[in-house]
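The values are calculated or read from the model by the stated rules, or taken from the named source; none is laboratory data. Worth saying up front: this structure is predicted, and the values here are computed from it rather than measured. Counting neighbours? That spans all protein chains shown, and the Cβs are built from the backbone with ideal geometry, glycine included. When the accessible area is computed, the model is the full protein with side chains, heavy atoms only, and any ligands, DNA or RNA have been set aside. Shrake-Rupley method; radii C 1.70, N 1.55, O 1.52, S 1.80 Å.
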Amino acid sequence: MDRRNRGSSSSATSRVSNTYGNRQTSDNPRTGSGGGANDLFRRRSDAPLKRNNDEDESNNKEGDSADVSFIVGTCSSMCPERERVTRERLRDLAVFERLYGNPSKSSTDLAVKKFCRTLSAADVQASDVRPLPVLEETLKYLLSLLDSREHLFEVVHDFIFDRTRSIRQDLSIQNLANERVIYLYEEMVKFHVISHKRLQSCSGTSISSMHHLNMEQLAKTLTSLYNIYDANRKPDYIYENEAEFRSFYVLLHLNPRNGVMGEPLSLWFRKLTFALVKSKEICFVRNLLRLYRMGNYKNFLSRTASEATYLQYCISEPYIREMRSVAVQYINNVCYKLQPYPLLRLSQNLMMKELDVESLCHECGLETCTDPDGFAVLPAKQSTFRNPEDKFKVYDLIGIERIEK
C-alpha cells in the first residue's frame with residue numbers, strides 16, 4: 001500500500017477566521033450546521049467555536065490569543081517529515097514505528113504522528129497537518145494492528161490510543177465534519193469500546209489506569225461523534241449506525257455512580273429525534289436501563305444475550321458482572337437456610353456455566369457444598385457475602401455466541 005501518494009483537495013475547503021492562541025488544540029469537533037452533507041471537506045464554520053479540550057482546561061489558561069485561519073493540511077504521509085526526523089534523533093519511536101527494530105530509524109510507511117498535548121498557533125503549519133484522505137488511510141493502518149499477535153494487547157492499545165487522538169486533533173484543526181468524518185469517528189469509538197472489553201482480560205499494574213483513560217476518551221469521542229451527527233442532520237433521517245452509537249451513551253450511564261462524564265439521561269433523551277427514540281437500538285437500551293434499575297437480573301441477562309450487538313455487549317460486561325453478584329446476594333439473603341439453592345438452577349438464571357457460578361460464589365465470600373444426591377448447592381443466610389474484589393474478571397454469557405464480531 002502506497003501511503004505517500006496522497007493529497008488534499010483544498011478547492012473544496014474554506015478558511016474561517018477564529019481566535020486561536022497558546023492553547024491546546026482540541027480533538028473534539030464543535031457543533032455546526034455548515035453546507036450539504038456531501039461536501040467533501042465541509043467545515044463547521046457557522047457555529048460558535050467553543051473548544052472542548054481533551055485535557056484539563058486549567059492547563060490552557062496561559063498565553064494570548066491570536067487570529068488565525070483554519071488550516072488545510074498538506075502532509076501526504078502518516079507522520080510529518082519534520083516530526084519523524086526529530087523523533088528518530090531522539091530515539092522516540094514506538095515499537096511499531098521502528099525500521100527493522102532500529103529504535104532510531106523509521107520510514108514513511110511506519111511512523112505515525114503523535115498526539116501533541118499543547119499546541120500553539122505558532123506550532124501549526126499546513127505541512128504538519130494531514131488532510132482527510134491521509135487521515136482515513138492512517139486510521140485504517142492503525143486498526144489493522146489490533147490483530148497483531150507479536151505484542152501484548154496493552155502495548156498495541158497504548159500505541160493506537162495515542163495516534164487516534166492525533167487523528168482527532170488534525171480533524172479539529174481543519175474543522176472537518178462531513179459524512180466521511182462520521183465514519184472515522186465511528187471507527188475510533190469502536191476501537192475504544194473493543195479496548196474496554198479486551199483490557200479487562202489483561203494483567204499488570206497499569207491496566208486500571210489504562211482502562212480509566214480509555215473510558216474517558218470513549219466518552220469524549222462519542223460526544224464529538226454526536227456533535228457531527230447533529231451538524232449533518234437531515235429531516236427524518238438517521239445515519240446507518242447512529243442509533244447503535246447513540247445507545248452507547250445509555251449503556252455507559254446505567255449506573256449514575258460510575259462517574260462517566262456527560263449530562264443526566266433524563267436530559268439527554270429529550271434531545272433525541274422521534275425516529276431515534278423509536279429505533280430498535282434505543283428501545284433495547286431503555287429496556288435494559290429499566291431492568292437494571294429494578295434489579296431484575298434474570299431478564300437483564302436474557303435480554304442482553306438475545307438482543308445486544310457485539311459493541312453493546314462489550315460496554316455491558318461490567319453491568320453483567322454487577323447483576324450476577326447482586327443475584328447471588330439476593331439468593332443468599334432470601335432463601336431458606338435449610339433448603340440450599342442448586343447451583344445448576346442458579347447457573348441457568350445467570351446464563352453461565354455451573355463451574356463459573358461456583359467460582360463466582362467463592363469470589364463473593366460464600367461457601368458451596370454438595371447435597372446428599374451429589375449436586376452442588378449454595379447454602380443460604382451466610383454472613384460472609386462481599387462484592388467480588390476482582391472487578392475485571394469475566395465469565396461467559398451463554399447465548400452471546402450468536403454475535404458476529
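Some observations on this one:
- Surface accessible to a 1.4 Å probe, per residue, for the residues of region 275-404, Å²: 52
- Spin-label pair Thr205-Glu150: with each label point 7 Å from Cα along the Cα-Cβ axis, the two points sit 2.8 nm from one another.
- Overall, the accessible surface of region 258-373 at a probe of 1.4 angstrom is composed of carbon and sulfur to the extent of 54 percent.
- Apolar share of the accessible surface for region 104-203: 50 percent from carbon plus sulfur atoms, 1.4 Å probe.
- By average C-beta atoms within 10 angstrom, highest first, the peptides 170-182, 373-385, 129-141, 298-310: 170-182, 129-141, 298-310, 373-385
- Between Cys116 and Gln348, the contour length at 0.36 nm per residue exceeds the Cα-Cα span by 78.5 nm.
- A 1.4 Å probe run over region 208-253, with the rest of the protein chains in place, finds 35 Å² accessible per residue.
- Sites Asp236 and Leu90 - FRET efficiency at Förster radius 60 Å, r taken between beta-carbons, to 0.05: 0.65
- Beyond 18 Å in Cα-Cα separation lie the following of the pairs Lys140/Lys220; Lys197/Lys271; Lys190/Lys220: Lys140/Lys220; Lys197/Lys271.
- C-alpha center-to-center spacing [region 227-274, region 342-405] in angstrom: 34
- Spread over its residues, the convex hull of the C-alpha atoms of region 110-225 is 111 Å³ per residue.
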